[in-house]
1. Among the residues of the range 155-205, which ones are among the hydroxyl-bearing types (Ser, Thr, Tyr) and either closer than 13 Å to Ile231 by Cα or outside the structural domain of Tyr131 (by TED's automatic domain parsing) (or both)?
2. Assigned to a helix (DSSP H, G or I), under 23 Å from Val245 (Cα atoms), modelled with pLDDT under 95 and among the aliphatic types (A, V, I, L, M) - does that describe any residue in the range 360-377?
3. Here are some residues: Arg73, Arg104. Which one is in a helix (DSSP H, G or I), basic (Lys, Arg) and closer than 30 Å to Asp349 by Cα?
4. Given the structure, is Val341 assigned by TED's automatic domain parsing to the domain that holds Asn75, in contact with a His (Cβ under 9 Å, 6 or more places away or on another chain), at pLDDT 70 or above and not in a helix (DSSP H, G or I)?
5. Quick one: Glu212 ticks every box in (1) touching a residue at least 12 places away in the same chain (Cβ under 8 Å); (2) in a loop (DSSP other than H, G, I, E, B) bar one, so which box is it?
6. Exactly one condition in (1) closer than 24 Å to Val90 by Cβ; (2) assigned to a loop (DSSP other than H, G, I, E, B) is false for Glu436; which is it?
7. How many of the residues in the range 409-427 are closer than 13 Å to Arg439 by Cβ and in contact with a Phe, Trp or Tyr (Cβ under 7 Å, 6 or more places away or on another chain)?
8. Condition (residue is surrounded by fewer than 16 Cβ atoms within 10 Å (Cβ to Cβ) and either closer than 18 Å to Thr106 by Cα or of a type in the set (Val, Ile, Thr) (or both)) applied to the range 406-418: is it met by at least one residue?
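The values are calculated or read from the model by the stated rules, or taken from the named source; none is laboratory data. Because the structure is predicted, anything quoted here is derived from the model rather than measured. Cβ: placed from backbone, ideal geometry, glycine included. Neighbour counts: every protein chain shown.
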Amino acid sequence: MEPTALDKLIGYISPERGARRMAYRQRMEILSSYEGASKGRRTKNWRTSSGSANAETRSALGTLRDRSRDLVRNNPYAAAAAREIPSHTVGAGIIPQAEARNTRATNRAEQLVKQWFDTTACDADGHHTFYGLQSLAMRTVFESGECLIRRRNRRREGRLPVPMQLQVMEPDHLDMTMDGQRNGENIIIQGVEFNPNGQRVAYWLFPHHPGEMTPFRYGLTSRRIPADEIIHLYRMERPGQVRGVPWTAPIIMRLRDFDEYEDAQLTRQKIAACYTAFMYDSDPMAGSSGEDPVLPDKLEPGTIEELPAGKDVRFADPPTVEGYDTYSTVTLHAVATGLGVPYSLLTGDLRQVNFSSGRMGRLDFHRSVEQWRWNMLIPQMCMGVWQWFSQLAQMEGNTGPLDVTWTPPRREMVDPSREVPAIRDAVRSGLMTQSEAIREQGYDPADFWTERERDQQEMDQRGIALDSDPRKVSTAGVTQARPADSELPPTSED
């Protein structure tokens, strides 16, 4: 960049200011080289904000949440997404497998898991197992952006496997008015209290849902609940983000406009369908009896109606809806992309789906599901609940320290005849363990091997040889004879 006469003059009088002026001019020239940062007619109506993640949600979160819930209640596509995302992410449940230091402690821990996780004993409302609570929490995260799970301690005489239950709460319980305030050295951001190190130490919660119409005894005064009694489940999209945003936020306006477009087209067709025929004067000079003839209220097949002289009938021609399929397809593709689900899953339209496109769409969606599971649902909700459970299990069942392995539901195969051989080859080549392959199918390896061993013993006792048993039948379908005793390898007793 060549200096101008003014640059040279300023540099002659004050070299420091001249150098600073040249540096700023160079920065502006670099900035203008980005088309997205240019200013002009194309970008004059582009409103942007440089606020933090919390500043962006501070005033918009309540409105986004209410509109998202309205769409889920009244729009079939939003309702489908709210149903399918938890269905694929949680399915029948993400199942824990407890592991302790010895077999006895492991058996005791597994017994407590089945008594608490697999029954409604874990639910403060008494409706769901832990896996039902997973689905409810995931749906709440999709619809409202976040979900709160509160630990409810119970008395030991309550006959629960462990003296604890879980209460799933909507984010409305968080007191948004507690914002920017200080509690000693701690600061409160949108109902969440942080210590000077930036760690969450408490949540300010209403005892009841603020939208509840029934008056309550304690009113709407929020209370301070320690953070170790709350699990705050949400998808963090920006560093430092304290509250979750509804997943429908990018498509709220688009889906609302599509709703209104469909309503307008339907109203247009309904009005047009109300007019069956129009009577008019074909010959105004023809004689008239002074009475206005009318068509019959109902027309039946084979009806012959005699019209007065000079009268004629024209039947209505309802307007056609042009471009509806194209517009709806493009719009719903954009909605599906914004929600992160396949178009066919959102709409149920399988007309253009074949094996390749269906499999690619499912694989992309499965990667998103894996991310939601392992980056959000399991580390936040499942591991948080397991920490509470294991602490109480050690006291109640003398299990000692507990480790856990989580088994998500299996991924549905588009074409098992093609995918199963690929899994078998991966196991045989050592790229995948059998336990890993079993977990991918949504089964607990320990339960799988126990059941398989029991089946094999039962078949041996009954003298049954199935082609699914590689001990008896080869992959070619040939029965493999048991080797003679002399051919068996020697044992330690020999």
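1. Filtering the range 155-205 for residues among the hydroxyl-bearing types (Ser, Thr, Tyr) gives 177, 203.
Across the range 155-205, the qualifying residue is only Tyr203.
2. Yes, some residue in the range 360-377 is assigned to a helix (DSSP H, G or I), under 23 Å from Val245 (Cα atoms), modelled with pLDDT under 95 and among the aliphatic types (A, V, I, L, M).
3. Numbers: Arg104 fails: closer than 30 Å to Asp349 by Cα.
Being in a helix (DSSP H, G or I), basic (Lys, Arg) and closer than 30 Å to Asp349 by Cα holds for just one of Arg73, Arg104, which is Arg73.
4. Values: assigned by TED's automatic domain parsing to the domain that holds Asn75: yes; in contact with a His (Cβ under 9 Å, 6 or more places away or on another chain): yes; at pLDDT 70 or above: yes; not in a helix (DSSP H, G or I): yes.
When the stated conditions are applied, Val341 passes them.
5. Evaluating Glu212 over (1) touching a residue at least 12 places away in the same chain (Cβ under 8 Å); (2) in a loop (DSSP other than H, G, I, E, B) leaves (1) as the failure.
6. Only one criterion in (1) closer than 24 Å to Val90 by Cβ; (2) assigned to a loop (DSSP other than H, G, I, E, B) is unmet by Glu436, namely (2).
7. Within the range 409-427, the first condition is being closer than 13 Å to Arg439 by Cβ, and the residues that meet it are 409-411, 423, 427.
Of the ones still in play, those that are also in contact with a Phe, Trp or Tyr (Cβ under 7 Å, 6 or more places away or on another chain) are none.
Residues meeting the conditions: 0.
8. The first filter runs over the range 406-418 and keeps only residues surrounded by fewer than 16 Cβ atoms within 10 Å (Cβ to Cβ), leaving 410, 412-413, 415-418.
When the remaining residues are screened for being either closer than 18 Å to Thr106 by Cα or of a type in the set (Val, Ile, Thr) (or both), the result is none.
No, there is no match, as no residue in the range 406-418 is surrounded by fewer than 16 Cβ atoms within 10 Å (Cβ to Cβ) and either closer than 18 Å to Thr106 by Cα or of a type in the set (Val, Ile, Thr) (or both).
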